[in-house]
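Written below as C-alpha cells is the structure these notes are about.
Values quoted throughout were computed directly from the atomic coordinates according to the rules given, and no laboratory measurement underlies them. Computed from a predicted structure; not experimentally measured. In this analysis, Cβ positions are derived from the backbone assuming ideal geometry, glycine residues included, and neighbour counts consider all displayed protein chains.
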Amino acid sequence: MHLTKISTLMFFVLVPLLSWGAIPMTLEQCVQRGLDYNPEINAYQYASEEADRGIEEAWGAFLPTFSLNYSYNKLRNNADNERDNDYLNQNSDSFSTRLSQPLFTGFSGIAGLKHARANKEYRDNELLYIKNRLIRKINSSYYDLLYAQRRIEQWQESVGRLEEQQEIATAWVEQRLAPQLRLHEVAAELSNARYELSNALSDQAIARAQLREWLALHPSEHIDISGTLDALPERPREDLKYYILTALEQRPEVQLSSLSIDMAQQDAQSILARNLPRAEIDAAWTDYTRDYSDSKRTSDERDYYSLTLNLSMRPFQGGRNIAAYRKQRIAVERYRQQLANQRNTIVTEVNTSFERLIQGFESIKDAKKTIEHASAAYDVATESAEMGMYSLEDLLDAELRLTRAELKLTHAYSTVQQAQSELDYALGTSVRVWQAQL
C-alpha cells in the first residue's frame, strides 16, 4: 500500500520535470511555458484582478451606507441637591440604525469611477506590455542558444579539419617537405579554434540559464530546445511607414502613457470637486432606555425615527485645493511629454529593427555565395595538399576562409531571427503573433 502511494507521488513529481527537461522544446512551447508559469506574468495578472475590485469599490460611492450603533452609559453623581434628571444616578443604553444615501458628491464619485475603469485598462495594457517583453526575452535567449549550439558545431568541425592539417603538416615536416614554421602555424590556429569552441560552450550555458529563468524552471532542471536558425521568417514588406503607424497604434506603452494622462485628468477633476456642495439624506431609528437608581423615579423607554437632509460646502480650504489642482495639471503635462518621448523611442526601435532585418536577409545571400566558393576552395586545397601539389599555407588559408564563411552565414541567420523578434516587439504584436500560432 505504501509502495503504491510512493510510486504515485513520484509520478506526479517527475512527470512535469520530464515534460520540460527530457523532451526538446520548440520556440512555441517555450513561449507558452513562459506565459503560463513566469511569476512576473502572474504578478501582473493579479494586478489586473485588483483593478477589477477597484471598479467595484468605486461603485460604492453611489450606494447607501448602513450603520449600527449601541452605547451603554452608567452615571453616578455624588451631589445631594441635584435636580436635573439627566445628571441623576442612572443606567442608560441606546441602540440606533442609520441609512445614509449620497445625493450629490460634487462629481467626485463619477471621477473616481472613471479613474477606476481607466486603471483597469491601464493594468490590462501593462500585462500586455509585460507579455510582449517576456516573449522578446524568450525569443532572444532561444535564438542565442541555437546560435551558440551552431557555433559549437562549426568550431568542432574546424577543430577536426585543423587536426587533419596538423597530421599532414607533421608528416611533411618529418619528410622535410615543409618548414617547422608551418606546423606551428597550424598548431596556433588549432589552439585558437579550441578557444573559440570554449567561448561558444560558455555562451550556450549562459543562454540556457537565461531561458530557464524566463520559463520559471528550477536551476537544476535541464532544458533542451529543438529548432534551426535557417527556418527564416517572411521577408518584410518594403513599407517602413506602415510599420511605424502600426507600432504607434498597437504598442502597449503608448496606451499606458495615454491612460496615465486620462487618470491624471480625472484626479484633477476630483480635486475641483472638493469645493462643490455635497448633499446626503439620512434615515435613522433609535431605541433609548434609561433606568434611575432612585426607584421613585420613572424609567424612560423611547424609540423614534428621523429623516435628515445634510448639505455641506467648503469653498475655501486654505488654498490646498488650488495648489493640488495646479500640481495635477503639471503632472498631466509631464505625462504628455513622456508620451511624446515614448513615441519617438518607438519610431527609432521600428527603424532599427527593420533595417537590421532587411540587412540580415541581404547578408544571408552574400554569405551563401561566400560559403559555396570557400567550400569548393577547401576541397581542392585538401586534395591537392594530399598529393603534394599545394602548400600547407594554402590549405590553412582555405580552412580559415571556410570557417569564416560558415560563421558569417550563421551570424546572418541569427541576425535575421533576432531582428524579426525585435520588430515584432517594436510593433507591439508579439503576443498577438504567438496567440495566433499557439
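Some values worked out for this structure:
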| item | result |
| --- | --- |
| Where labels lie 7 Å past Cα in the beta-carbon direction, separation of Glu174 and Ser226 in nm | 4.6 nm |
| Hull volume in cubic angstrom per residue (convex hull over the Cα atoms of region 268-336) | 162 Å³ |
| Computed Kirkwood radius, in angstrom, where 1/r is averaged over Cα pairs of region 116-261 | 19.9 Å |
| Region 140-186 - convex hull of alpha carbons, volume per residue in Å³ | 51 Å³ |
| Sparsely packed trypsin sites (Lys or Arg not before Pro) within region 92-196, loop by DSSP, other Cβ within 10 Å at most 15 | Arg176 |
| Inverse of mean 1/r across different Cα pairs in region 199-353, Kirkwood, Å | 24.0 Å |
| Reduced Cα scattering model of region 27-154, Debye log10 I(q)/I(0), q = 0.09, 0.12, 0.13, 0.18 Å⁻¹ | -0.60, -0.75, -0.79, -1.01 |
| Straight-distance crosslink candidates among lysines, where the alpha carbon sits under 22 Å from Lys408 and sequence neighbours closer than 8 are dropped | Lys365, Lys368, Lys369 |
| Rh (Kirkwood; distinct C-alpha pairs) - the chain, Å | 29.7 Å |
| Where only C-alpha atoms are counted, convex hull volume of region 104-198 per residue in Å³ | 85 Å³ |
| GNM result for the chain, Cα springs below 10 Å: residue of Tyr425, Tyr378, Tyr147 fluctuating most strongly | Tyr378 |
| From the C-alpha gyration tensor of region 280-418, square roots of 5λ in Å | 94, 25, 13 |
| Highest-MSF residue in the chain out of Ser202, Ser363, Ser92 [GNM, Cα springs under 10 Å] | Ser92 |
| Exceeding the 29 Å Cα-Cα cut-off - candidates Lys114/Lys327; Lys114/Lys241; Lys131/Lys327 | Lys114/Lys241; Lys131/Lys327 |
| Cα-Cα P(r), region 238-280, percent of pairs per 5 Å interval | 5, 19, 13, 13, 11, 9, 9, 7, 6, 4, 3, 1, 1 |
| Percentage, to the nearest whole number, of Cα pairs in region 206-253 over 18 Å apart | 62 percent |
| Expected 222 nm ellipticity per residue - DSSP helices of 4 or more, -39500 (n - 2.57), all of the chain, to 500 | -24500 deg cm²/dmol |
| Sorted peptide list for 255-267, 323-335, 28-40, 61-73, criterion being average Cβ within 10 angstrom, highest first | 255-267, 28-40, 323-335, 61-73 |
